[in-house]
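The values are calculated or read from the model by the stated rules, or taken from the named source; none is laboratory data. Model, not experiment: these values are computed from the prediction. Please note: Cβ atoms are built from the backbone with ideal geometry, for glycine as well, and neighbour counts cover all protein chains shown. Heads up: the accessible areas ignore ligands, DNA and RNA and are worked out on the full protein's heavy atoms, side chains in. Shrake-Rupley method; radii C 1.70, N 1.55, O 1.52, S 1.80 Å.
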Amino acid sequence: MPQDNRFFNSQEFKEMLHVYEEAQRNGESVYMDCDDLVSVAEYYNLFGTLDQSVKAVEYAMQLFPSATAPLVFRARIAFMIEKDIDKAKRYVDMIEDITDLDYYYIKAEILLVENRLEDAEAYLHDVYGRLGDEQRADFVIDVAALYVDYSLFNQAQRWLDLSEEYDDEDYQELRGQIAFGHGDYEESEQMFNQLLDKDAFNITYWNQLASAQYMRDDATASMQSSEFALAINPCDYDALLNKANCLFALGNFQEALEYYRRFNYISPDSEVGELYEGMTLFNLGRVEEGVEHLKTAEELSLHDNDEYLHLIYTELAYCLSVLGKYDEALEYLEGATLYEGGNPQELVALKGSILLLSGNENEGLELFHKAIETSGHSPVIIFRVATYIFEAGYIPLAYQVLHSLLDHASDDWCDGWSYLAYCCKSMHKHEEYLQALTTACERNPVEVKTILGNLFPEGLNTSEYVEYAKQHS
């Protein structure tokens, strides 16, 4: 697959695609190079439909029955999308040149899909031992990239360590990706900045830099990187999603909604866009609309990829509880337990919230206590419980829980101070309100704007909130 989408925007590819599509429209056969047809299939896989992609690659297979590239691409569709590993193996068995590196990679990838990591490692090391020095240089880079694709970062690092191509861009990109996978976002950011010094128009590098910055909790820098990518290609779906996520993180929900919708327009089959559009609508107070998009995300996930179902069901449970649809909320919450993801104690806490809102106060409070105890008094769970109690209107109790959290919080803990400030103001604890507000504005201005923004004039910067509160007490 091309390194980034610039190839698909090139005049060369556009002319190639035009020739293919004209022949399709006219019902004519057209002879094209094997790799060109695979590029057309890749393009449709990214920007068209699965049917178009399959049609293009199977046309390539018809013209070049034993060629490696079309059979590898078709095999990947079989196991990645059609979930049919046996079918994928049949395509691989049709490959004539079993010394082609791509043949080795697809054989290993199928082993990884089958969760046979040790067999894949043994196979790849056997191949490595039979290759010449020149082929080995490419092989170790490609194997490391394969492992990165499957988030097997330790294995990727071990293979990358066999390379001495330290100045090669592929090597450096893999270093950045592996650092990201290991949670070393600073090193990842450094690597992609270095790569951009060499190739400032590489959208892939800008997007990966944006991801590292986002994970480093620098949403402003991440958004700027996404904007550079969008300046190169305004329709790049990764950059659109990155910018939307940054706007969401910064509390700019209205503009985030616009970018999620732009993403959904060019990626209509993505459950991710529908999920986050639903969450954004919830934050804008448009809860019923949000539920509609979350249910669309559920349908897309059930048809294609269940990776996000845990989060989708959790969000649906929460939104439906806000709408007072408690039975349906509990059904979705039960569904969330069937899929991996998140923290089990968070589901217990959310169930407590639903029961509390539905009038089952004792059961709800018991579940809150259970969530906190079984989490080992995790600050994250205590904060989650505090917000649920706050949102249910139990302000004095929320005040107590927040104090149990914040009185022992580390100096870098950022969440909850705005909620405490609101509780203090509601309970007429003026001095404590000003103290909590000051800490909130210093540590988490986004939370301040969300929780306390309606107490201050529109347009007033959060840095001015404390002084305004002192003058208007």
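All told, Ala108 meets the bar of being in contact with a helix residue (DSSP H, G or I) (Cβ under 9 Å, 6 or more places away or on another chain) and open to solvent by less than 30 Å² (accessible area, probe 1.4 Å).
Figure legend. Inter-residue proximity from region 267-284: first residues within 15 Å of Glu255 (Cβ to Cβ), second residues open to solvent by 20 Å² or more (accessible area, probe 1.4 Å) and of a type in the set (D, E, K, R), beta-carbon distance below 8 Å, spacing 6+ or different chains. Indicated pairs: Glu277/Arg261; Met279/Glu315; Leu281/Glu289. If you go through region 1-20 and pick out every residue that is part of a helix (DSSP H, G or I), surrounded by 13 or more Cβ atoms within 10 Å (Cβ to Cβ) and charged (D, E, K, R), you end up with 1. Scanning region 240-266 for residues that are under 21 Å from Gly453 (Cβ atoms), without any contact (Cβ under 8 Å) to a residue 24 or more places away in the chain and surrounded by 17 or more Cβ atoms within 10 Å (Cβ to Cβ) yields a single hit, Asn252.
Counting only residues that are in contact with a Ser or Thr (Cβ under 9 Å, 6 or more places away or on another chain) and open to solvent by 40 Å² or more (accessible area, probe 1.4 Å), region 418-431 holds 1 of them. A count restricted to region 87-119 and to residues that are part of a helix (DSSP H, G or I) and closer than 17 Å to Ala75 by Cβ stands at 20. Considering Ser473, Ser463, the condition of being open to solvent by 30 Å² or more (accessible area, probe 1.4 Å), of a type in the set (S, T, N, Q) and farther than 25 Å from Asp218 by Cβ is satisfied by Ser473 alone. Lys89 passes every criterion in (1) of a type in the set (Lys, Arg); (2) closer than 22 Å to Pro268 by Cβ; (3) in contact (Cβ under 8 Å) with a residue 12 or more places away in the chain apart from (2).
A residue that is over 27 Å from Asp168 (Cα atoms), in a helix (DSSP H, G or I), out of contact with any Pro (no Cβ under 8 Å at 6 or more places or on another chain) and open to solvent by less than 70 Å² (accessible area, probe 1.4 Å) occurs nowhere in region 120-137. Ser151 satisfies every condition listed in (1) under 27 Å from Leu230 (Cα atoms); (2) touching a residue at least 40 places away in the same chain (Cβ under 8 Å); (3) not basic (Lys, Arg) except (2). The residues of region 222-237 that are free of Cβ contacts under 8 Å to residues at least 40 places away in the same chain, surrounded by fewer than 22 Cβ atoms within 10 Å (Cβ to Cβ) and not aliphatic (A, V, I, L, M), listed by number, are Gln224, Glu227, Phe228, Pro234, Cys235, Tyr237.
Screening the candidates Leu117, Leu50 for the property of being surrounded by fewer than 20 Cβ atoms within 10 Å (Cβ to Cβ), of a type outside the set (Val, Ile, Thr), within 25 Å of the chain's Cα centre (by Cα) and closer than 30 Å to Pro268 by Cβ yields one hit, Leu50.
Are any of the residues in region 365-386 acidic (Asp, Glu) and more than 22 Å from Glu467 (Cβ to Cβ)? Yes: region 365-386 contains one or more residues that are acidic (Asp, Glu) and more than 22 Å from Glu467 (Cβ to Cβ). Within region 425-470, if we keep just the residues that are more than 29 Å from the chain's Cα centre (by Cα) and among the acidic types (Asp, Glu), the residue that is farthest from Ala249 (Cα to Cα) turns out to be Glu431. Here Met94 fulfils each of the conditions (1) touching a Pro at 6+ places or on another chain (Cβ under 8 Å); (2) more than 22 Å from Phe139 (Cβ to Cβ); (3) crowded, with 19+ Cβ neighbours inside 10 Å apart from (3). Among residues of region 67-87 being charged (D, E, K, R) and over 16 Å from Ala56 (Cα atoms), the one that is most open to solvent (accessible area, probe 1.4 Å) is Lys83. Just one of the listed residues (Asp415, Asp411) is part of a loop (DSSP other than H, G, I, E, B) and either without any contact (Cβ under 8 Å) to a residue 24 or more places away in the chain or farther than 30 Å from Asn360 by Cβ (or both), namely Asp411.
One residue stands out among those in region 432-460 that are polar (S, T, N, Q) and at pLDDT below 95: the one that is least open to solvent (accessible area, probe 1.4 Å), which is Asn444. For Ala371, indicate whether it is farther than 23 Å from Phe253 by Cα, of a type in the set (Gly, Ala, Ser), at pLDDT 95 or above and in contact with a Cys (Cβ under 9 Å, 6 or more places away or on another chain). Here the answer is no, as Ala371 does not meet what is asked.
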